[in-house]
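The values are calculated or read from the model by the stated rules, or taken from the named source; none is laboratory data. This structure is a prediction, so every number in the text was calculated from the model and none was measured. Cβ placement follows ideal geometry from the backbone for every residue including glycine, while neighbour counts extend to all protein chains displayed.
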Amino acid sequence: MAPIFTYIEHHGGVADDSATELLAAAKQLNASASPTAVVAGYGPELDTVCETLCASFGEVWKIADQSLAYPNAELVRKALVKVLPKGCLLLVPHDHFGIDLSPGLSVKLNAAFVSDVMGIEGMEGSNLKLVRQEFGGQISAHVRCDISSGAVINLRPGAFKPIEAVPANGQVVDKSSEVGTLAAGRRYLETIVAEAGDVDITKHTVLVSIGRGIQEQDNVPIAQELADAMGAAVSCSRPVVDAKWLPKSRQVGSSGQTVKPKIYLACGISGSFQHLAGIKGSPFIVAINKNPKAPIFQVADVGVVADILEFLPELTSKVREAKGASV
Amino acid sequence: MEILVCVRRVPDTAENEIRLNSAGDDIERDDLVYSVNEWDNYAVEEALQIVAKIGGTVTVVTIGGEDDEEVLRREMAMGANQGVLIADEAFDGSDGKGIATILQAMVRQGHYDLVLTGVQAEDGGAQVGGMLSAMLDYPFASLVNSIEVLEGGKLKISREIAGGNKEMNEIDLPCVLSIQTGINEPRYVGMRGIRQVAGLEIPRLTASALGVDAGTVGVAAAKVKRMDYFVPAFGKGAEMLQGSSEEIVDKLIALMKAKGGLN
């Protein structure tokens, strides 16, 4: 099989959590392979990351350039096209950087591209068999990817369990001189940190979380009443924020908040992976959804097939009774 | 500003329960409700808002067949000036790169300052915009959730990154942007609006009209192919509460009490 490379993201001198997942995926591609880590950046932080990665990778390719101090996907792409060997396999996290980088990179490398891969099922001839999800996670698909001229594969964060790292005692290979002058039509300006909201959903032990099933803004109080009765906060999934029914600060998910409640009521939420990625700490998940096939039922502890607009008010009045009885 | 928006007709996951067909080789497509891909609809709205501010035109394009005209008409009812249907049997079975190759030919025939796609479609590809930009050697930004037109052929854009944070960038025109949901509030399209554009002609472009080499697109050129659909065997799944709604509510309250949720 072609040599395997993993693109390592890093922040503040620390490799991103995805690094160990990419390593695990590389070992699934080829158990005997020694994947190479590729790291782009600038300054002492980059050196620290590279040295740390030597513990788990046999080779760590360092691309240092002042223009890469903030990772601009177009510049990183141009650098990678210069240093990567033809026909290689490159693994990249399917996050806001990987989505920016990989499709265009695959064009420039004349390699195949598969996005958001959840599973690797091995080779069939010159084809790699992969698992993806479609239709918001309602169904999965096997995909065949011809890797004879190389491939860029974006891996879903969290889908590959990190493996026990075999001490690699690797070495850093400085590739910076191969890159040349980098320029891009897009320039990073600044990062605007999300404003704190009226309610901090990350601090609550019980969340009543609503999704598309709430149907309209006028129905949001139905969830708020249940939350009030339970001493909980109302959070939500992305469509509720897109529709402007709740502020961004209430959104749970990879593009919103990461929450660690004890109990999570997912009400009318289908359960996309981006949403689930924001729920940590293994809470007790109650899913209420009128679609019995909703993906949320696969990850919930308890499920109720019901229309939340009818079910939540019933639950609220019983919760009030239960609380009243215990006082 | 001349803006091209690439749109696609997809089964609406909010309206459909997606199931395997009896043969197990595809999803059950009978009785599916189709609509314009949600991300693409936000992209069209954004294009319309830019043109309303600074002038220009909005063209919507899709690749497909006769059935796909309906999404073009819907976006024209929203206000897009023109719809274009790219239809050719040679395009059937194209992978993401094939689709980008076809769109590249369309872009090269026009004089577009800005090309918009949705971040992704229901298959979660998130690939065509980035590929298209690389083929055109245009700058690209994904996950765009605000656009401001600057002087001197530039845009100021924000990208949605982790934790609700925004990454601000300046980008040169012409460029390709993939648009994230929530960037705006797409206008409502009623039946009346659709009727008003029902008679408008939608030009069709074939591979030869676009000058696309049939060998670079379609199923034969596709390096990535879907083999089948399947329902994954997950863990045990949720314990489904059964009974009357009153019984279910009682069980649920007991469970939440036991987990410390009603203190």
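Annotations
- Residue list for region A:243-259, restricted to those being farther than 23 Å from A:PHE97 by Cβ, more than 8 Å from every other protein chain (Cβ to nearest Cβ) and not in a loop (DSSP other than H, G, I, E, B): A:ARG250, A:VAL259
- Residues satisfying the criterion are absent from region A:140-155 (criterion: more than 7 Å from chain B (Cβ to nearest Cβ), assigned to a helix (DSSP H, G or I) and under 17 Å from A:ALA19 (Cα atoms)).
- Pairing residues of region A:161-188 that are of a type in the set (Gly, Ala, Ser) with residues that are surrounded by 15 or more Cβ atoms within 10 Å (Cβ to Cβ) and not in a loop (DSSP other than H, G, I, E, B), at Cβ distances under 6 Å and at least 6 apart in sequence or on separate chains, gives A:GLY170/A:GLU59; A:GLY170/A:VAL60; A:SER176/A:ILE63; A:SER176/A:ALA64; A:ALA184/A:GLU74; A:ALA184/A:LEU75; A:GLY185/B:ASP172.
- When we screen A:SER326, A:SER272 for residues that are within 23 Å of the chain's Cα centre (by Cα), among the polar types (S, T, N, Q) and either modelled with pLDDT under 95 or surrounded by 19 or more Cβ atoms within 10 Å (Cβ to Cβ) (or both), the only hit is A:SER272.
- Unique match (being more than 7 Å from every other protein chain (Cβ to nearest Cβ) and of a type outside the set (S, T, N, Q)) among A:LEU315, A:LEU265: A:LEU265
- Every residue from region A:159-198 that is farther than 25 Å from A:ARG77 by Cβ and within 14 Å of chain B (Cβ to nearest Cβ): A:LYS161, A:VAL193, A:ALA194, A:GLU195, A:ALA196, A:GLY197
- Considering region B:118-133, the residues that are over 8 Å from the mean Cα position of the chain (by Cα) and among the polar types (S, T, N, Q) include one that is nearest to the other protein chains (Cβ to nearest Cβ), namely B:GLN127.
- Selection count, region B:147-176, where residues are of a type outside the set (D, E, K, R), under 16 Å from B:MET1 (Cβ atoms) and in a strand (DSSP E or B): 8
- Any hit, region B:4-14, residues being surrounded by fewer than 16 Cβ atoms within 10 Å (Cβ to Cβ), in a loop (DSSP other than H, G, I, E, B), within 14 Å of chain A (Cβ to nearest Cβ) and not acidic (Asp, Glu): yes
- Restricting attention to region B:5-62 and to residues that are closer than 15 Å to A:GLU134 by Cβ and hydrophobic (A, V, I, L, M, F, W, C), the residue that is modelled with the lowest pLDDT turns out to be B:ALA14.
- Qualifying positions in region A:103-128 - closer than 27 Å to A:SER270 by Cβ and not hydroxyl-bearing (Ser, Thr, Tyr): A:PRO103, A:PHE113, A:VAL114, A:ASP116, A:VAL117, A:MET118, A:GLY119, A:ILE120, A:GLU121
- Any hit, region A:229-242, residues being more than 25 Å from the chain's Cα centre (by Cα), in a helix (DSSP H, G or I) and among the hydrophobic types (A, V, I, L, M, F, W, C): yes
- Inclusion of A:VAL14 among residues that are surrounded by 22 or more Cβ atoms within 10 Å (Cβ to Cβ) and without any contact (Cβ under 8 Å) to a residue 40 or more places away in the chain is not warranted.
- Scan of region A:176-212 for residues that are part of a helix (DSSP H, G or I), over 23 Å from A:LYS262 (Cβ atoms) and within 27 Å of the chain's Cα centre (by Cα), ordered by number: A:ARG212
- Scan of region A:285-312 for residues that are in contact (Cβ under 8 Å) with a residue 60 or more places away in the chain and at the interface with another protein chain (Cβ under 7 Å from one of its Cβ atoms), ordered by number: A:LYS293
- Residue match in region A:125-147 (condition: at pLDDT 95 or above and at positive phi): no
- Hits in region A:46-70 (condition: assigned to a loop (DSSP other than H, G, I, E, B) and surrounded by fewer than 17 Cβ atoms within 10 Å (Cβ to Cβ)): A:ALA55, A:GLY58, A:ALA69, A:TYR70
- Taken together, B:ARG226, B:ARG159, B:ARG195, B:ARG204 contain a single residue that is without any contact (Cβ under 8 Å) to a residue 40 or more places away in the chain, of a type in the set (Lys, Arg), away from every other protein chain (no Cβ under 12 Å) and out of contact with any His (no Cβ under 6 Å at 6 or more places or on another chain), which is B:ARG195.
- Test: residue in region B:236-245 that is assigned to a loop (DSSP other than H, G, I, E, B), under 28 Å from the mean Cα position of the chain (by Cα) and among the hydrophobic types (A, V, I, L, M, F, W, C): no
- Flag if A:ALA223 is within 18 Å of A:LYS248 (Cα to Cα), hydrophobic (A, V, I, L, M, F, W, C), in a helix (DSSP H, G or I) and touching a residue at least 60 places away in the same chain (Cβ under 8 Å): yes
Conditions tested, residue by residue: (1) surrounded by 15 or more Cβ atoms within 10 Å (Cβ to Cβ); (2) more than 18 Å from A:GLY137 (Cβ to Cβ); (3) over 14 Å from the mean Cα position of the chain (by Cα).
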residue	(1), (2), (3)
B:LEU20	yes, no, yes
B:GLY24	no, yes, yes
B:ASP31	no, yes, yes
B:SER35	yes, yes, no
B:TRP39	yes, no, no
B:TYR42	yes, yes, no
B:GLU46	yes, yes, no
B:VAL51	yes, yes, yes
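- Some residue of region B:99-114 being modelled with pLDDT of 95 or more, within 8 Å of another protein chain (Cβ to nearest Cβ) and assigned to a loop (DSSP other than H, G, I, E, B): no
- When the test is whether a residue is within 30 Å of B:ASP88 (Cα to Cα) and either out of contact with any strand residue (DSSP E or B) (no Cβ under 8 Å at 6 or more places or on another chain) or in contact (Cβ under 8 Å) with a residue 40 or more places away in the chain (or both), B:VAL119 passes it.
- Any chance A:ALA322 is among the aliphatic types (A, V, I, L, M) and in a strand (DSSP E or B): no
Residues checked against (1) surrounded by fewer than 24 Cβ atoms within 10 Å (Cβ to Cβ); (2) of a type in the set (A, V, I, L, M, F, W, C):
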residue: B:ILE102; (1), (2): no, yes
residue: B:MET106; (1), (2): yes, yes
residue: B:LEU116; (1), (2): no, yes
residue: B:VAL119; (1), (2): no, yes
residue: B:GLY124; (1), (2): yes, no
residue: B:GLY130; (1), (2): no, no
residue: B:SER133; (1), (2): no, no
residue: B:ASP137; (1), (2): yes, no
residue: B:ALA141; (1), (2): no, yes
